[in-house]
Amino acid sequence: MSGASILVYAERVGGSLSEIEKLLAGPLKDFSGIHVLPFFYPYDGDDAGFDPIDHSIVDPRLGNWTDFKRISETHELTADLIVNHASYLSPEFLDWQEKGDSSEFAGMFLTYDVVFPNGGTEEGITSFYRPRPGFPFTAYNVAGKRRLVWTTFMPSQVDIDINHPAGQDYLDRVLRALQSGGVKVVRLDAIGYAVKTPGTDSFMTPETLEFVKELTDKIHGYGMRVLVEVHAHYTQQLDIAPLVDLIYDFQTAPLLLHSFFTGTVDRLDNWFKIRPDNCLNVLDTHDGYGVIDGGPIGGRPGLITQDEMAFIFKKAEQNTGGHSAIASVIPQWFDLPHQINATLPNILANDTAYVISRMVQFLLPGEPQVYYVGLFNGMDDKELFAKTGQGRDTNRHNYTPAEIEQALKSEVTQAIIAMARIRRSSAFEGSFSWQVLGSDKLAMSWTGASEELHFEFATTVGAPSFSLVHKSVAGERRFTTTAELASF
């Protein structure tokens, strides 16, 4: 089992890669990996870097590939391969717009007629699963002719035809750049939408899984591991887990909220019984705090019910003073948001419950990853949300070096760092087990050759509690408060 990592935006953690390097060498030295969210040119496009104009270079305002090579010498570096789309301002798209079929990039971008060569029906078009309102294509002028280009997410994010040689060449060019920059883990962003198959919802279909296998083999050939990001029904997570090195555990996050808001642990127990071991253990992320991943999708029952999902959103609304309801977006095709746009400390409104959530995250099999706002015990950035109108900005605060220095003094942040230190214990080389001790109490244990960890927590509404015991040749230590854990 490897250690813990952090998830950051380079420009929002001190403003540069050099500030991040200082943190990794100093107060965050117990984290063994780092995922830097899109740092390509430009990092501040329409979708916070997920719409690269040039996916092969580092935005010079942040640094360069030499900086990343240096970071990769001491930490496992994760970066994104944005599989589904590029920017409409990319040189490839602009060249195709100007030259049409004579462009060397002709065929790289997916057009309506490629998916529907004989025309599409209303049912066929509207059946496509899309995370945002509206149709999944946009009219663009290409060599004097209007073409419908697939834009699954935003009009400025033009979809790549991953079946066309030009699209495949593009992905190869990006992979070569990532490899040369010291990247060791490639996250396949938005891959669930990349394969369009008429007659289906084109999300996580058998054709998608086949593409995942092919792309994973290609990335392994570059000597890098593969992490897949898919927000989907939990059974789809189970399907994709054997195909890749790492799959996100997006399910534990909503189940923890359900536990603390209802004082029960049975849903966590049910998930632990089937949960893959090759998970990246996450709670909050740059996209918000996911809830849909635990619920029913497409008529299939979830790990929690629709009413239980609604209750989570209601409690979050109460705990955030109504702000989460304002910032969280409900898609046209659903009656609840995908995620809560608020920080986890605000959603839980209880430091002990928050620290317990982190302890569960660190103690589960897999590889724990902490989002930078959560690491710094961040509160909702209402000012940034009011400025941009983007709900996800509530949980994307821009931390100055002074703010980071202040955050590092908090007991909650120190307790999370202590868990990163504990995660290096040899106990994690042993065996994992868990046990339900009561309707609101659960125990988790790791037993290694020379170290043991025993963790019990209660989700009692209004009065959560925990006990963590660490046994080693040096003796036994017990932690029952955030302050005690912070002192480890």
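Just so you know, all these numbers are worked out from the coordinates, no wet-lab data involved. None of these values were measured; they are calculated from a predicted model. Note: ideal-geometry Cβ built from the backbone for every residue, glycine included; neighbour counts use all protein chains shown.
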Using the Cβ atoms and a cut-off under 12 Å, what net charge is assigned to the surroundings of LYS213, where Lys and Arg are +1 and Asp and Glu are -1? -4
Over the chain, what is the percentage of antiparallel beta bridges among all DSSP beta bridges, to the nearest 5? 60
With x for Gly and Pro, the residue-by-residue ³J(HN,Hα) of region 242-248, computed from phi through the Karplus equation 6.51 cos²θ - 1.76 cosθ + 1.60 at θ = phi - 60° and given in whole Hz, is x, 8, 10, 6, 9, 10, 5
Test of understanding: express the Cα radius of gyration of region 429-486 as a ratio to 2.2 N^0.38 Å, with N the residue count. 1.21
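Would you work out the charge dipole size for the chain about its Cα centre, treating the Cβ of every Lys and Arg as +1 and the Cβ of every Asp and Glu as -1, and quote it to the nearest 20 debye?
740
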Distance cut-off 20 Å, percentage of C-alpha pairs in region 91-159 lying past it: 28
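Below 8 Å, C-alpha to C-alpha, sequence gap of six or more: please give me the relative contact order for region 223-312 in percent.
Rounded, it is 33 percent for region 223-312.
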What's the magnitude of the charge dipole for region 91-159 around its Cα centre, counting Lys and Arg as +1 and Asp and Glu as -1 at the beta-carbon? Answer in Debye, nearest 20. 220
Round to a whole angstrom and tell me the spacing of the C-alpha centers of region 11-48 and region 416-445. 28
With the 8 Å Cα cutoff and a minimum separation of six or more residues, region 408-488 has a relative contact order in percent of 28
For q values of 0.07, 0.13, 0.14 Å⁻¹, compute log₁₀ I(q)/I(0) with the Debye formula on a Cα-only model of the chain, without solvent. -0.36, -1.30, -1.51
Note the angle between two axes, namely the Cα long axis of helix 306-319 and the longest principal axis of the Cα atoms of the chain, as a number of degrees from 0 to 90, rounded to the nearest 10. 70
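What does the charge count around ILE53 come to, taking other residues whose C-beta lies under 10 Å from its C-beta (Lys +1, Arg +1, Asp -1, Glu -1)?
So the environment of ILE53 carries a net charge of -4.
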Part-to-part distance (alpha-carbon centres) for region 304-323 and region 132-147, which is given in Å: 37
Which of the residue pairs LYS315/LYS382; LYS29/LYS69; LYS273/LYS441; LYS213/LYS273; LYS99/LYS145 have a Cα-Cα distance greater than 22 Å in the structure shown? LYS213/LYS273
Student exercise, region 386-488 dipole from Lys, Arg, Asp, Glu Cβ charges, in Debye to nearest 20: 220
Mind checking which of SER127, GLY199, LEU215 is farthest towards the positive end of region 116-218's charge dipole, using Cβ charges of +1 (Lys, Arg) and -1 (Asp, Glu) about the Cα centre? LEU215
Relative contact order in percent for the chain (Cα pairs under 8 Å, 6+ apart) equals 14
Taking the mean number of other Cβ atoms within 10 Å as a proxy for protection, how do you rank 351-362, 300-311 from highest to lowest? 351-362, 300-311
Find out how many positive minus negative residues lie around TYR372, taking Lys and Arg as positive, Asp and Glu as negative, among other residues whose Cβ is under 12 Å from that of TYR372. -2
Over the chain: helical MRE at 222 nm, DSSP H runs n ≥ 4 each giving -39500 (n - 2.57), nearest 500: -9500 deg cm²/dmol
